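The structure under discussion appears below in the form of structure tokens.
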Amino acid sequence: MPSSRKRILVTASWYPTKENPISGTFFKEQCELLSHEYDVTVVMLNPATTLGIKYLGKRITGKDIYLEKLGDSEYFHEYKSVISRPVELAVMNNMYSRMTIKKKALAGIGSVDTEADRKFWRKHIARLARKLGEKFDLVYGISAQGTAVYAKLLADYYNVPYILSEHSPFMIPGTSLNDSFKEAVEGASVFLAISNDKIRQVLMQNIHLKSIEYIGNIIDVDKFKCEPVPHDVTTFLIVAAHSFYKNYDLFLQTMEDLKKIATRPFRIIIAGYGANKGYSLGVDEFVKQVNDSSISDIVEMIPQVSRDEITSLYNRADAFVMTSIQEGQPVAPLEAACCGLPIFSTRCGGVEDYVDDSVGRLVGILDHEELASHLNDYLEGKITFDKDHIREVITSRYGKKVFVEKFMRIVDEVTGA
């Protein structure tokens, strides 16, 4: 008997695989949660540039579109797909783009696609859709910069609406925005914003959205509980990949400042710096930097933490520290706050939506001295926090029930239910 559930096709450019189980884990968790209400099919879709002669061989054998099943249950289906594209087409597209932008002096556009390239993607996305062999009621592109064009083409093929969200930072206007991408974003029925800062980033690209819905990130409040693990020394925790966005230099400077002014002992846990393959870079150099620092004797280094172990890690700490330059709506501090930890962070985006003086402290992007001062006040008990209140702030705004209710309302409005 056919299911009465609406069928949603989700496109994602990063998603957990055997090779990189950490990448996009919160995308998977979101989709798995939505599968409690919908029949959800996820396709992690990425292009691959191939030399013409090799591409021809793949095209003749039909191997230019690779589709692998990652997981399958009654209402949750996961795939990985790679679409090969001849390098000659990419080169031609790049040359055409440069000439067109210079000739037409296009404002706010960094690259322009040829009609041949657009035709290529229409044709091959249609072939992918036929391989999936399903019909859908809605297409949902997660992290639009990697999926918006594909989501639009799939929605066109199925003749259904599509919605988008974005988790990655946008570049400076006019430097990298693609015309096909802009058309796809502006054509979406709804843009799901994970933070107010993300709305600002999108609008600064001169993108005119049909509708914006603030939906935030989703936190599993049943998994992330406030269950402190007994320990003797106040412990500060950072969970972040090793990327310049995370600004570990500022974190280390902050902790060295704190060690100079602190009269009470403290410990530091640095976790996740080596987890995300391809995103965490210079890990060995970073470890050496920590070992050579003045805080090396009070630091515990954990390069990778599984999703099953992350809750216990949060509960081993007393406060969460984040020193990022830019974020969308960072997941780690949300999870930590759901476990009752106060958040001490730079004003990097997203955290401003929920961190006030009852939840933590925010400082300027490069202000390691003020951040160290706040942490010292916390050490000395000059500022205190109510763990239950912090958790309630997160559950009331970003809990599973809240997220699903918002999402279901949006889907009903978009699909005309």
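Values in this text are rule-based calculations from the coordinates and carry no lab data. Computed from a predicted structure; not experimentally measured. Positions of Cβ are generated from backbone atoms using ideal geometry, with glycine treated the same way; all protein chains shown enter the neighbour counts.
Charges were assigned to the Cβ only: +1 to each Lys and Arg, -1 to each Asp and Glu. The resulting dipole of the stretch 234-397 about its Cα centre is roughly 260 debye. The residues ILE53, ILE390, when put in order of fewest to most other Cβ atoms within 10 Å, stand as ILE53, ILE390.
What list do you get for ILE125, ILE60, ILE83, ILE212 if you sort them by fewest beta carbons within 10 Å?
Numbers: ILE125 22, ILE60 9, ILE83 19, ILE212 14.
Going from sparsest to densest Cβ surroundings: ILE60, ILE212, ILE83, ILE125.
So what's the net charge close to VAL190: Lys and Arg +1, Asp and Glu -1, counting the other residues with Cβ under 10 Å from its Cβ? Write down the numbers at each step before the final one.
Numbers: positive: LYS210; negative: GLU213, GLU413.
Value of the local net charge: -1.
Measuring nothing but how far apart in sequence close Cα pairs (under 8 Å, 6+ apart) lie, relative to its length, the chain scores a relative contact order of 13 percent. Can you give me the angle between helix 87-104 and the longest principal axis of the chain, using Cα atoms only, in degrees from 0 to 90, rounded to the nearest 10? Result, in degrees: 80.
Going down the list LYS18/LYS63; LYS260/LYS387; LYS69/LYS400; LYS119/LYS246; LYS131/LYS182, which pairs span over 31 Å between their C-alpha atoms?
Working: LYS18/LYS63 21 Å; LYS260/LYS387 28 Å; LYS69/LYS400 27 Å; LYS119/LYS246 39 Å; LYS131/LYS182 27 Å.
Violating the 31 Å limit, Cα to Cα: LYS119/LYS246.
Summing Lys and Arg as +1 and Asp and Glu as -1 over all other residues whose Cβ lies under 12 Å from the Cβ of VAL10 gives a net charge of -1. Neighbour counts of C-beta atoms inside 10 Å place HIS124, HIS208 in the sequence HIS208, HIS124, starting with the fewest.
Remark on GLY340: its backbone amide H falls under 5 Å from those of ARG391, a criterion applied only to residues 5 or more positions apart or on other chains, H modelled at 1.01 Å from N. Going 7 Å from the Cα of ALA262 along its beta-carbon direction, which residues of the stretch 373-400 have the amide nitrogen within less than 19 Å of the resulting point? The answer is 373-385, whose backbone nitrogens lie closer than 19 Å to the label point. Please report the spacing between the Cα centers of the stretch 348-417 and the stretch 193-214 in Å, no decimals. Each part's Cα centre sits 20 Å from the other's.
In a shell of Cβ-Cβ distance under 14 Å around PHE244, excluding PHE244 itself, what net charge do Lys and Arg (+1) and Asp and Glu (-1) give?
Details: positive: LYS246; negative: ASP249, GLU285, GLU327.
With Lys, Arg at +1 and Asp, Glu at -1, the neighbours total -2.
Remark on GLY216: its backbone amide H falls under 5 Å from those of ALA193, ILE194, SER195, a criterion applied only to residues 5 or more positions apart or on other chains, H modelled at 1.01 Å from N.
Largest GNM mean-square fluctuation across VAL355, VAL287, VAL112, computed for the chain with C-alpha springs under 10 Å, falls on VAL287. Under 1.5 on a/c is rounded, so check that first for the stretch 234-397, then, if it is not, pick prolate when a/b is larger than b/c and oblate when it is not; a ≥ b ≥ c are the square roots of the alpha carbon gyration tensor eigenvalues. It comes out rounded by the Cα gyration axes.
Largest GNM mean-square fluctuation among GLY133, GLY399, GLY71, using the chain with Cα springs under 10 Å: GLY133. The C-alpha atoms of the chain define a longest principal axis, and helix 387-398 lies at about 10 degrees to it.
Divided by 2.2 N^0.38 Å, where N counts the residues, the Cα radius of gyration of the chain comes to 1.05. Applying a threshold of 28 Å to the alpha-carbon distances of LYS80/LYS210; LYS28/LYS54; LYS80/LYS123 flags LYS80/LYS210; LYS28/LYS54 as lying beyond it.
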